[in-house]
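The values are calculated or read from the model by the stated rules, or taken from the named source; none is laboratory data. It should be emphasised that the depicted structure is a prediction, and the values quoted were computed from it without experimental measurement. Cβ coordinates were reconstructed from backbone atoms using ideal geometry, including for glycine residues, and neighbour counts include every protein chain displayed. Note: accessible area is taken over every heavy atom of the protein model, side chains too, but ligands, DNA and RNA are not part of it. Shrake-Rupley method; radii C 1.70, N 1.55, O 1.52, S 1.80 Å.
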Amino acid sequence: MTAYLPNPRADRGLAYGDGERQVLSLAAGDRACAEIESWPGYAPTPLVRLVGLAGELGLAALLVKDEGARFGVGSFKALGGAYAVRRLLAQKEPAAEVVVTCATDGNHGRAVAWAARTFGCRAIIYLHERVSRAREEAIAAYGALIMRSGGNYDDSVRRCAEDAARNGWRVVSDTAWPGYEDIPRDVMQGYTVMVREATAEMRATERPTHVLAQGGVGGLAAAVLSHFWESLGAERPFFIVVEPDKADCLYRSAEAGERVAVGGELDTVMAGLACGEPSTLAWRILERGADCFVSIADDWALKAMRRLAEPAGGDARIVAGESGGAGLAGLLAILSEPALARRAGLGSRSRVLVFNTEGATDPGLYDSIVGSSSSSRRRT
Ligand SMILES: Cc1ncc(COP(=O)(O)O)c(C=O)c1O
């Protein structure tokens, strides 16, 4: 059963103000774009129009921004973690003496390790016990030192911060907490490049009426929302945050009217979204700007991966990891219940934008979910 919560604090008339602009802004986004576009290997990722699937779902259009091939790192995280590392190294010389560190479910650590290799510093990456071997190997391949910690993602964030404070390493976290916000701000600002590429490529008639973004700590969703909110104000698309029901800290925070944590194992198949505590920075954007929050069962993520792997009616095939397809998973979950679709205003005139935030970042798991017929055609 999908849980659907219209944001009780949403205020579509509220202008994007100084408070929000201190977190993310179009002006800082210009700088992030200029920097990231100058990196070797930069290319915009594809904006895929799924005409067949939109028809099947009874929508006017369905656009997928496919981040699977971003810088060869496998996910949109290459924009954020790497941008933060680059900015940090610009202030500290020489790079070879800097050690960057972070805790990760896989993708952020891979991005930080890639950036350390690309820009010439060292990386130490913390993985909690549920992070798969395949994801560990992808990080280690960039020469990063791996530290395994017990517990869940949030425990590994704390352990990383403690060790860094003792050793003088620089924490490059994708989540913010009280007193630690500068670097995660850069991480989130880097993500906005993806939205700018998508909107630049859209025809005026394709402008989305709805956007669904998946939430871990909320950084990705806040980055996407901030761009639309600052540039379109009250005319922005209806914005839906999608989370796994086993790690729905943003949904719970919206319900509680304040930032709250969810504990426990967080054992969702959507590994990148297995976060129990919202980022302070992300929450500042989402708490008033998001229109609604949905909390979905793991099954929907698997369905979304398969729909993208075995496309309908002439659509292009998209390789989506378990967290990558979660925005589409939320859409499928809402559309499966006519009452929810009505509440979200989704119907035959809707143009929907979702983000495939990762490719097959755990290839064995991907193959086991979509089936071997798809594995020979995998392309990440
Ligand atoms: C593939 C993927 N999608 C989405 C997210 C969610 O991003 P955030 O934690 O900023 O909400 C993550 C986070 O790791 C991820 O790996």
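Restricting to segment 102-122, name every residue that is in contact with a strand residue (DSSP E or B) (Cβ under 7 Å, 6 or more places away or on another chain), away from the ligand (no atom under 13 Å from the Cβ) and within 22 Å of Gly321 (Cβ to Cβ).
The answer is Ala113, and nothing else.
Can you name the helices (runs of 4 or more DSSP H) wholly within segment 106-213 that have at least 1 residues being among the polar types (S, T, N, Q) and not assigned by TED's automatic domain parsing to the domain that holds Val64?
Helices (runs of 4 or more DSSP H) meeting the threshold: 107-119, 153-167.
Yes or no: Asp11 among the acidic types (Asp, Glu), open to solvent by 20 Å² or more (accessible area, probe 1.4 Å), modelled with pLDDT under 95 and not assigned by TED's automatic domain parsing to the domain that holds Ala144? Let's see the steps before the verdict.
On the way: among the acidic types (Asp, Glu): yes; open to solvent by 20 Å² or more (accessible area, probe 1.4 Å): yes; modelled with pLDDT under 95: yes; not assigned by TED's automatic domain parsing to the domain that holds Ala144: yes.
In short, yes.
Specify the residue that is farthest from Asp298 (Cα to Cα); the eligible residues are those in segment 310-366 that are touching a strand residue (DSSP E or B) at 6+ places or on another chain (Cβ under 6 Å), open to solvent by less than 20 Å² (accessible area, probe 1.4 Å) and more than 16 Å from the ligand (Cβ to nearest atom).
Ser350
Asp154 passes all but one of (1) touching a Gly at 6+ places or on another chain (Cβ under 7 Å); (2) crowded, with 24+ Cβ neighbours inside 10 Å; which number fails?
For Asp154, the exception is condition (2).
If a residue has to be out of contact with any Lys or Arg (no Cβ under 7 Å at 6 or more places or on another chain) and of a type in the set (A, V, I, L, M) to count, how many in segment 75-102 make the cut?
Final tally of qualifying residues: 7.
Scan segment 197-245 for residues that are within 16 Å of the ligand (Cβ to nearest atom), touching a helix residue (DSSP H, G or I) at 6+ places or on another chain (Cβ under 7 Å) and small (Gly, Ala, Ser) and jot them down. Working first, answer last.
Taking segment 197-245 first, the residues within 16 Å of the ligand (Cβ to nearest atom) are 198, 211-227, 239-245.
Remaining after also requiring touching a helix residue (DSSP H, G or I) at 6+ places or on another chain (Cβ under 7 Å): 211-227, 239-244.
Selection gives Ala213, Gly215, Gly216, Gly218, Gly219, Ala221, Ala222, Ala223, Ser226.
Of all residues in segment 54-80 being assigned to a strand (DSSP E or B) and small (Gly, Ala, Ser), which is farthest from Ile36 (Cα to Cα)?
First, the residues of segment 54-80 that are assigned to a strand (DSSP E or B): 61-66, 75.
Remaining after also requiring small (Gly, Ala, Ser): 61, 75.
Values: Ala61: 30, Ser75: 15 Å.
Within segment 54-80, the match that is farthest from Ile36 (Cα to Cα) is Ala61.
Looking at segment 167-177, which of its residues are under 21 Å from the mean Cα position of the chain (by Cα) and open to solvent by 40 Å² or more (accessible area, probe 1.4 Å)?
So the first thing to find is which residues in segment 167-177 are under 21 Å from the mean Cα position of the chain (by Cα), and the list is 171-177.
Scanning segment 167-177 gives a single hit, Trp177.
List pairs: first in segment 209-226 and farther than 20 Å from Gly29 by Cβ, second of a type in the set (Ser, Thr, Tyr) and near the ligand (Cβ under 6 Å from one of its atoms), Cβ under 7 Å, 6+ apart or cross-chain?
As it stands, the answer is Gln214/Ser323; Gln214/Thr357, since those pairs meet every condition given.
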